[in-house]
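Structure record follows, encoded as structure tokens.
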Amino acid sequence: MAKSLYNPDKYTYRVIWSEEDQEHVGLCAEFPSLSHLAESAPEALAGIMKLVGTVLSDMAKSKEEIPEPLSLRQFKGNVAVRIRQSAIAKLAMAPRSKAHR
């Protein structure tokens, strides 16, 4: 397994405010079940990163499959966008630039 998967710095984090808890919440996109509450945003971020590091270490020891960081994934595919027929007609009739010929 790639060594970068064991590095908590590679994962995707965010910090949000919890009105219910009256604290900041540190979250990790690759580990949606984990969170860390703290009085400040920097403390919440540091706490969730430390927690992810601990979980990664435990997963490695028990030979569990470690989620690939979003930052290392390569995404590809198509996106379909629905537009009005009148817009399609305008695009079809519009003069083409030299770059598109």
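The values are calculated or read from the model by the stated rules, or taken from the named source; none is laboratory data. None of the values given here were measured: they were computed from a predicted structure. In this analysis, Cβ positions are derived from the backbone assuming ideal geometry, glycine residues included, and neighbour counts consider all displayed protein chains.
Quick check on the stretch 71-89. Is at least one of its residues of a type outside the set (A, V, I, L, M, F, W, C), surrounded by 11 or more Cβ atoms within 10 Å (Cβ to Cβ) and under 19 Å from TYR6 (Cα atoms)? Walk me through how you get there before you give the answer.
Within the stretch 71-89, the first condition is being of a type outside the set (A, V, I, L, M, F, W, C), and the residues that meet it are 71, 73-74, 76-78, 82, 84-86.
Filter again for surrounded by 11 or more Cβ atoms within 10 Å (Cβ to Cβ), leaving 71.
Imposing the further condition that a residue be under 19 Å from TYR6 (Cα atoms) reduces the set to 71.
Yes.
Scanning the stretch 62-89 for residues that are hydrophobic (A, V, I, L, M, F, W, C) and outside any helix (DSSP H, G or I), which turns out farthest from ALA29 (Cα to Cα)?
Just the residues of the stretch 62-89 that are hydrophobic (A, V, I, L, M, F, W, C), to begin with: 66, 70, 72, 75, 79-81, 83, 87-89.
Imposing the further condition that a residue be outside any helix (DSSP H, G or I) reduces the set to 66, 75, 79-81, 83.
Values: ILE66: 13, PHE75: 16, VAL79: 22, ALA80: 25, VAL81: 26, ILE83: 32 Å.
Out of the qualifying residues, it is ILE83.
Hey, can you tell me all the residues within the stretch 1-40 that are of a type in the set (A, V, I, L, M), within 18 Å of the chain's Cα centre (by Cα) and surrounded by fewer than 17 Cβ atoms within 10 Å (Cβ to Cβ)? It would help to see each step written out before you state the result.
Filtering the stretch 1-40 down to residues of a type in the set (A, V, I, L, M) leaves 1-2, 5, 15-16, 25, 27, 29, 34, 37-38.
Filter again for within 18 Å of the chain's Cα centre (by Cα), leaving 5, 15-16, 25, 27, 29, 34.
ILE16, ALA29, LEU34 - these are the residues of the stretch 1-40 that are of a type in the set (A, V, I, L, M), within 18 Å of the chain's Cα centre (by Cα) and surrounded by fewer than 17 Cβ atoms within 10 Å (Cβ to Cβ).
Every residue in the stretch 1-46 that is part of a loop (DSSP other than H, G, I, E, B) and among the β-branched types (Val, Ile, Thr), please.
Of the residues in the stretch 1-46, the ones part of a loop (DSSP other than H, G, I, E, B) are 1-2, 7, 11-12, 19-22, 29-34, 39-40.
Within the stretch 1-46, just THR12 meets the criteria.
Check whether at least one residue in the stretch 3-24 is modelled with pLDDT under 95, in contact with an Asp or Glu (Cβ under 7 Å, 6 or more places away or on another chain) and not basic (Lys, Arg), and report yes or no.
Yes: one or more hits.
Suppose the filter is part of a helix (DSSP H, G or I) and either on the phi < 0 side of the Ramachandran plot or hydroxyl-bearing (Ser, Thr, Tyr) (or both); does LEU56 pass it?
Values: part of a helix (DSSP H, G or I): yes; either on the phi < 0 side of the Ramachandran plot or hydroxyl-bearing (Ser, Thr, Tyr) (or both): yes.
So LEU56 passes the test.
Quick one: is MET49 touching a residue at least 24 places away in the same chain (Cβ under 8 Å), aliphatic (A, V, I, L, M), surrounded by fewer than 18 Cβ atoms within 10 Å (Cβ to Cβ) and part of a helix (DSSP H, G or I)?
Details: touching a residue at least 24 places away in the same chain (Cβ under 8 Å): yes; aliphatic (A, V, I, L, M): yes; surrounded by fewer than 18 Cβ atoms within 10 Å (Cβ to Cβ): yes; part of a helix (DSSP H, G or I): yes.
Criteria met by MET49.
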